[in-house]
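Input: a single structure, listed below in structure tokens.
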Amino acid sequence: MTLADRDAATHGPPSARKRGFSLGDGAIQAVLVLNAFIMLYPLFVMLMSSFKTNAEIFTSPFALPRSLSPANIEKVWNETNFVRYLANSVGVTVASIAVIVVVGTMAAYAIARYEFRFSGAVLMFFLSGMTVPLKLAIIPLFIQLDTLHLIDTYAGLVLVYVAMGIPSAIFIMTGFLRSLPRELEESARLDGASEWRIMLYVMLPLARPALVIVAIQNAVPIWNDFFFPLILITSDDRKTLPQGLTVFMGEFTTNWGVLFTGLSLAALPITLVYIALSRHFIAGITQGAVK
Amino acid sequence: MPSRRRRSFLPRRRTLWIAFLLAPAALIMTAFVVWPLLSALRLSFYSFNGLRPAGFAGLENFRQVLIEHPFSDWTYNALFHNVVVFLALMVFENGTAFLLAFALLKALPGHRVHQVIVFLPVVLSAVVVGFLWKLLLHPLFGLVNQSLALVGIGAHAWLGDESTALGSIILANIWHWLGFPTLVLLAGMQRIDKEVLEAARLDGAGDFKLLTQIIWPLIAPSVTIIYILTFIGSFNWFELPYIMAGLTGSPGGSTDVLGLYFYRTAFGSTTTGIQDFGQGSALAVLMFILIAGVTWMALRILRRREADL
């Protein structure tokens, strides 16, 4: 159940009609409007400034841009490694999520659908990974990836992200898979279906909502991550978007319009996906905190 | 759950199948979480020669970062700032989030849209948020100063002044993350039995009384989670200060936090030139003990508070 669904389920009509609300709804609405303005205005400025020149940004900061000239965008697109960074981010994120979903679901399926000795201990082993900040193990991780010749490779980065994502993926998938009815599995088994087929064609299609949560919950921090690429990636053409952005910002420290353009372009993909799937995003990110 | 074993699914095959399902996850976790964490502890007792351990050093690394000047000064300076960040986020970020959640609970028109808006910055990278606020706070053309100029207040170098730099970064962090505690607390409030709230209102409880005496104690589980995550977040803080204030916590170390100091010690930089994996490991171990220890204690205390309901 997403936050929004729960919202719909538990929220009756506005209860303000009841007496006892000493603050007027009007005042509260005003506060919310002000807050919405504070949350959105910086992003609006970022977007507008990306069409401005230095002179415009300095002399008319609050005005709309004089023209929607794509000059800055062209500059970012053609003269920097921006597209490369973007492609790297897409590749690394997609690969990491794919591995997390497959590997996490397999393990969760074993724990949730079969009874075996030490299954509780196995689950605890995986869940313990949720409590440790992997950032603090970066020195041994670096040494280990260096030994495996995985420094400055996509594979090294993906492996770290997968390790980071598996615990929560197993946590969510185990909970969900346990809630599925046993009858389906049993009847498929009586029909002679193999365990493999039962998992793939009977049980997993039912687990789609949980798979979406797992994918989003991992996609956001991986897409946004800056720390691991900073240490594990050194070649410019293998950098991910957040990391590449620092290079880019360093190159254009005085061309403010181009700086704002770079930020806007970097924020755009995830913002668009978020607006399209906001319920899933909110549920995905707050999952765990909201039980 | 009892599993009915069929003849075709022999115990041996069954064991193999389960092992096959578990193996990839277990291998990756062991190699890239368990092993590195244990190694971090071991490495903190070694002196280093570049990337390789050079010899057993006992507690020397710990002595350096905790007692020896100037390392210890940096450690305590950074630790102090982490505490400031934690307290500021607890009061301002979570306080605002609590009030916002209550405002959203009333389900006034547009509250759904507001939830989407307040959560939007949460999905953005700290790098984007950091650079955006760095530009907004720019002394010359930044929108913050330009807005203040409209009401006749002179320009200020927010990130260049030791007294305002850390506060500015904290504000950017609040803007970035506000939506998270807001929606977690809102979810907690929405789970309160409607009849309890109605009854309180019929008894004449105003907003203040409702908030402090009914809602606040009843959302204890959500509050626990927010406390813990705020704590872990503040003591792992790295991206935003790195982007907005640089690797050395400028100006004058006024924005240095443990995350920056740890990164600087472990991986060095062009400006500081230090790179010491031994000291870095010792710092990581200390940070880990601090975070895990406080989290564990806080959980015990807060869970007891929940149980008192």
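The values are calculated or read from the model by the stated rules, or taken from the named source; none is laboratory data. Quick caveat: nothing in here was measured; it's all calculated off a predicted structure. We place every Cβ from the backbone using ideal geometry, glycine too, and count neighbours over all the protein chains shown. The area values use the complete protein model at the heavy-atom level, side chains included, leaving out ligands, DNA and RNA. Shrake-Rupley method; radii C 1.70, N 1.55, O 1.52, S 1.80 Å.
Within the stretch B:10-19, restricting attention to residues that are within 42 Å of the chain's Cα centre (by Cα) and facing another protein chain (nearest Cβ under 8 Å), the residue that is surrounded by the most Cβ atoms within 10 Å (Cβ to Cβ) is B:18.
Residues in the stretch A:238-270 that are in a helix (DSSP H, G or I), open to solvent by 30 Å² or more (accessible area, probe 1.4 Å) and without any contact (Cβ under 8 Å) to a residue 24 or more places away in the chain: A:246, A:250, A:268. Within the stretch A:111-138, the set of residues being farther than 22 Å from residue B:16 by Cα and buried (at least 22 other Cβ atoms within 10 Å of the Cβ) comprises A:129, A:136, A:137, A:138. Whenever a residue of the stretch B:33-54 is more than 8 Å from chain A (Cβ to nearest Cβ), its partners that are of a type in the set (S, T, N, Q) and surrounded by 21 or more Cβ atoms within 10 Å (Cβ to Cβ), lying with C-beta atoms within less than 7 angstrom and at least six residues away or across chains, give the pairs B:44/B:61; B:44/B:281. Considering the stretch B:35-47, the residues that are under 25 Å from residue A:110 (Cβ atoms) and surrounded by 18 or more Cβ atoms within 10 Å (Cβ to Cβ) include one that is farthest from the chain's Cα centre (by Cα), namely B:36.
Which ones in the stretch B:87-113 are within 23 Å of the chain's Cα centre (by Cα) and at the interface with chain A (Cβ under 7 Å from one of its Cβ atoms)? I'd like the intermediate steps shown before the answer.
Initially, the stretch B:87-113 is screened for residues within 23 Å of the chain's Cα centre (by Cα), giving B:87-101.
Passing the criteria: only B:100.
Selection over the stretch A:51-110 of residues that are over 30 Å from residue A:233 (Cβ atoms), among the polar types (S, T, N, Q) and open to solvent by less than 50 Å² (accessible area, probe 1.4 Å) gives a count of 2. Is it fair to say residue B:204 is over 17 Å from residue A:135 (Cβ atoms) and in a loop (DSSP other than H, G, I, E, B)? Yes; evaluated as a whole, the condition is true for this residue. Selection of the stretch B:172-199 for residues being of a type outside the set (Gly, Ala, Ser), without any contact (Cβ under 8 Å) to a residue 12 or more places away in the chain and part of a helix (DSSP H, G or I) yields B:194, B:195, B:198. Screening the stretch B:220-240 for residues that are under 8 Å from the mean Cα position of the chain (by Cα) and of a type in the set (Gly, Ala, Ser) and picking the one that is farthest from the other protein chains (Cβ to nearest Cβ) gives B:234. Only one of the listed residues (A:125, A:171) is away from chain B (no Cβ under 11 Å) and either over 23 Å from residue B:238 (Cβ atoms) or polar (S, T, N, Q) (or both). That residue is A:171.
Only residues that are within 11 Å of another protein chain (Cβ to nearest Cβ) and of a type in the set (Ser, Thr, Tyr): list them for the stretch A:51-77, please. Result: A:59, A:60.
All of B:184, B:128, B:116, B:122 fail the test of being open to solvent by 10 Å² or more (accessible area, probe 1.4 Å) and within 8 Å of chain A (Cβ to nearest Cβ), apart from B:116.
So for the stretch A:60-72 (the condition being more than 30 Å from residue B:22 (Cα to Cα) and part of a helix (DSSP H, G or I)), does at least one residue qualify?
yes
Residue-wise test of (1) open to solvent by less than 30 Å² (accessible area, probe 1.4 Å); (2) farther than 21 Å from residue B:85 by Cα; (3) among the basic types (Lys, Arg).
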{"site": "B:141", "(1), (2), (3)": "yes, yes, no"}
{"site": "B:148", "(1), (2), (3)": "no, yes, no"}
{"site": "B:165", "(1), (2), (3)": "yes, no, no"}
{"site": "B:176", "(1), (2), (3)": "yes, no, no"}
{"site": "B:190", "(1), (2), (3)": "yes, yes, no"}
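Among residues of the stretch B:254-294 being surrounded by fewer than 20 Cβ atoms within 10 Å (Cβ to Cβ) and over 22 Å from residue B:44 (Cα atoms), the one that is farthest from the other protein chains (Cβ to nearest Cβ) is B:254.
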